[in-house]
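This report concerns only the one structure given below.
The values are calculated or read from the model by the stated rules, or taken from the named source; none is laboratory data. For clarity, every value in this text was computed on a predicted model and none was experimentally measured. With ideal geometry, Cβ positions are generated from the backbone for all residues, glycine too; neighbour counts draw on all protein chains shown. For accessibility, only protein heavy atoms count, side chains too; no ligands or nucleic acids. Shrake-Rupley method; radii C 1.70, N 1.55, O 1.52, S 1.80 Å.
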Amino acid sequence: MRTAFRIATLTIEIIERRKISFDKAFNLAVKKVEKIELSQAYRLAWRALTKYMLSDNIIMTTLGKDIPLRRKCAFRVGFFLVYYEHLHPEVLKRISGGLLPGRFIDILKRIRKEDEYSLLPEGPEDLVLAIKYSHPRWLVHKLKLAYGGDLINILKANEKRVIWLRVNKFKADEDRVEKLLDKENVKFTKDKDIPGLYRLDESEVVPSNLEVVRRNLAIIQDKASILVVYALRPEKHDLILDACAAPGMKTLLILEMLNRSGRIVALDISRKRTISMKYLLKKYYGDATNVDILTTDSSNISFLKKFDKALVDAPCTNSGAINSDPALRIILRDTTDVDIKRLKSIQTRILTNSLKYSDKYVIYSTCSIIPDECEDIIRHIKNLRYKIDKIELEVGSTGYGFDDVAKKSVRLLPIHGTAGFFISKVRP
Ligand SMILES: C[S@@+](CC[C@H](N)C(=O)[O-])C[C@H]1O[C@@H](n2cnc3c(N)ncnc32)[C@H](O)[C@@H]1O
């Protein structure tokens, strides 16, 4: 437990300092310590993040604001262990290896039997819920406006870690992947909608350490992300524009569905991410001769001919991905109205430009659960006289609101057991 405690503390500290994803932070933390207790550490850091704002609130009201970051992160992990896992504070003192001095342990001794409500501040509902469920307050406010009665279910659903694994059909089949998962004693459920897709029920696995993942036989990809490609419906010989393609998870699945026919033009503005994309495609697919990867701005690129279909998997807040990446609880804390405005502008510009070069339709998607970057964008596009078609998927729910845009779009929410995604279909 001593090592798990250190890795968990370091992981959260790295997220605070570098604002990177949970898995990246965990892998960096692991490099700095002995490689034992990994799955315990992964789960501990993950779970501690789901309660970190409550922990910070306790420490701030008792010790004030000026706590060194490492101690604050250690307290987050310690708070989780004592308050939710009922570890005795004296045991925590021993395993914390000096990271938690006596006054921190004393706080935990005092509060460990208290009711959760007595640890929460008094104040407006969105503030109290933000702290109770460790979500940025601005997000709780927006979710309350959009989902009303479902708000608490969404916040609670984000506490459940969701891992989806799909068979990489270029390298393996379902039988082989299932046998290897069984060999590692990983509990999984076969998805009823998508063949070759599994939901992992084992809460302690470190996804990147699974043998099927290390050998590239299966890919960690959320069901909602897969459904975006299903909505695109790639067909043999299609010429497809993937306007925001990196790191290439959806491009890879489009390639699979095209079955070595057709062509994809995959664009992304980030050079670093297009480089990772080339690496990812090579790793899972081998030599892909029917995909052209370009580093460019999709909001103003022009083409000489039109594509059959386009996918705009737009840059967004990632507010729908909290249940797969709890680092977002910290990363999104400082998001402002200005950031959302900037994202809305780029989302609209990429979508309108892609519509210019698409013959049949454009699928617009984001892993966001707020209407600003989803329904609102499509409503604006509709006002520009583009047609909205119904998404033909038998999953999820309709969009936020009661209009045509809401009825024809699909929303996957954490309460559906997937990441939060929005999918809409626009005709030029
Ligand atoms: C949600 S991610 C795409 C994920 C990708 N479709 C996948 O499934 O792996 C959004 C991407 O849009 C890219 N992006 C942001 N602004 C862009 C622009 N103006 N033109 C092209 N790509 C852009 C970002 O670099 C980021 O890689």
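Angle between the Cα long axis of helix 22-31 and the longest principal axis of the chain, 0 to 90 degrees, nearest 10?
Approximately 60 degrees, to the nearest 10.
When the Cα centres of the stretch 364-392 and the stretch 1-53 are compared, how far apart do they sit, in Å?
37 Å
Mind grabbing the accessible area of ASP376 for me, 1.4 Å probe, Å², rounded to tens?
Answer for ASP376: close to 60 Å² accessible.
So if I take the centroid of the Cα atoms in the stretch 90-149 and the same for the stretch 162-177, what is the distance between those two points in Å?
38 Å
In Å, the Kirkwood hydrodynamic radius of the stretch 297-428 over pairs of distinct alpha carbons? Write down the numbers at each step before the final one.
Values: mean 1/r = 0.0661 Å⁻¹.
That comes to 15.1 Å for the stretch 297-428.
Give me the accessible area per residue for the chain, probe 1.4 Å, as a whole number in Å².
Accessible area per residue: 44 Å².
With 33 Å as the cut-off, how large is the P(r) tail for the chain, expressed as percent of Cα-Cα pairs?
Cα-Cα pairs in the chain separated by more than 33 Å: 37 percent.
Considering every pair of different Cα atoms, what Kirkwood radius, in Å, is found for the stretch 2-120?
Numbers: mean 1/r = 0.0707 Å⁻¹.
Its Kirkwood hydrodynamic radius stands at 14.1 Å.
What range in the chain is the longest one free of chymotrypsin sites (Phe, Trp or Tyr not before Pro) that are in a loop by DSSP and have at most 13 other Cβ atoms within 10 angstrom?
With a cap of 13 other Cβ atoms within 10 Å, the longest stretch comes to 1-302.
Which of the aspartates and glutamates could a cross-linker span from LYS187 if the Cα-Cα distance has to be under 13 Å and same-chain partners fewer than 8 positions apart are dropped?
Qualifying aspartates and glutamates at Cα under 13 Å: GLU178, ASP201, GLU202, GLU204.
Please report the antiparallel percentage of DSSP beta bridges with both residues in the stretch 223-427, rounded to the nearest 5. List each step's numbers first, then the result.
On the way: 12 of 30 bridges.
Looking only at bridges with both residues in the stretch 223-427, the antiparallel portion is about 40 percent.
Can you give the % of DSSP beta bridges in the chain that are antiparallel, to the nearest 5?
55 percent
What does the net charge come to around SER368 if you take all other residues with beta carbon closer than 13 Å to its beta carbon, with K and R at +1 and D and E at -1?
Neighbour charge sum, excluding SER368 itself: -3.
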